[in-house]
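Input: a single structure, listed below in structure tokens.
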Amino acid sequence: MTGEPHNSIKPQGITTIIFKADNHRSENMTEVSVLVDSRGGNTRKVADAIAGEVGITAMDVAAMPRGDAQLLFLGSGTYGGKPGEAMLKFIGSGTFTGRRVALFGTAASLAGGQKLNSVMADMVQQKGGTVMGSYHCKGKFLFVNRGHPTTEDLDNAKKFAREMLNKS
């Protein structure tokens, strides 16, 4: 698919044009992207709910070297009290000037989710991005929080996606 444009229509009637080419930046920037760093699948479920709500596909942050969207949803699980390494690398090496960013994540505890989003928000803001909002929910970890994220958690993630779209 490298070098070929792909068009899709979002439910709100917004056209997304994704163009990937090695060492080439498209003149058509995507309007919305959902990038995720998920090891156990919890945060991936949330990313898929958000992406589905805006009519796109969530992408693994490790496989997507650029975040050129005008509204960028960034999500990570909590690993050792911080975002995943791929997300840290992505934010650390990126430039977010002029971009709106919505953060989301999962953690074994709600306090861990708040800390996760705070760390990512600080990093994004240091790179010039505007954090529009954040969402986090419990994720299962070993024998803790079985069944999370729940249907309610995913519905709340979809609601968060709509709120972020309305802000942009």
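Structure above, values below:
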{"read-out": "Projected label distance in nm at Tyr79 and Ala111, using a 7 Å step from Cα toward the beta-carbon", "value": "2.4 nm"}
{"read-out": "Sparse-neighbourhood loop sites, trypsin sites (Lys or Arg not before Pro) in segment 37-128 - DSSP loop, at most 16 other Cβ within 10 angstrom", "value": "Arg39, Arg66, Lys127"}
{"read-out": "Net lengthening on full extension, Thr95/Lys159 (0.36 nm per residue, minus Cα-Cα)", "value": "20.3 nm"}
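No lab work stands behind these numbers, since they all come straight from the coordinates. These numbers were taken from a predicted model, which means no experiment stands behind them. Quick reminder, even Gly has a Cβ in these numbers, built from the backbone with ideal geometry, and neighbours come from all protein chains shown.
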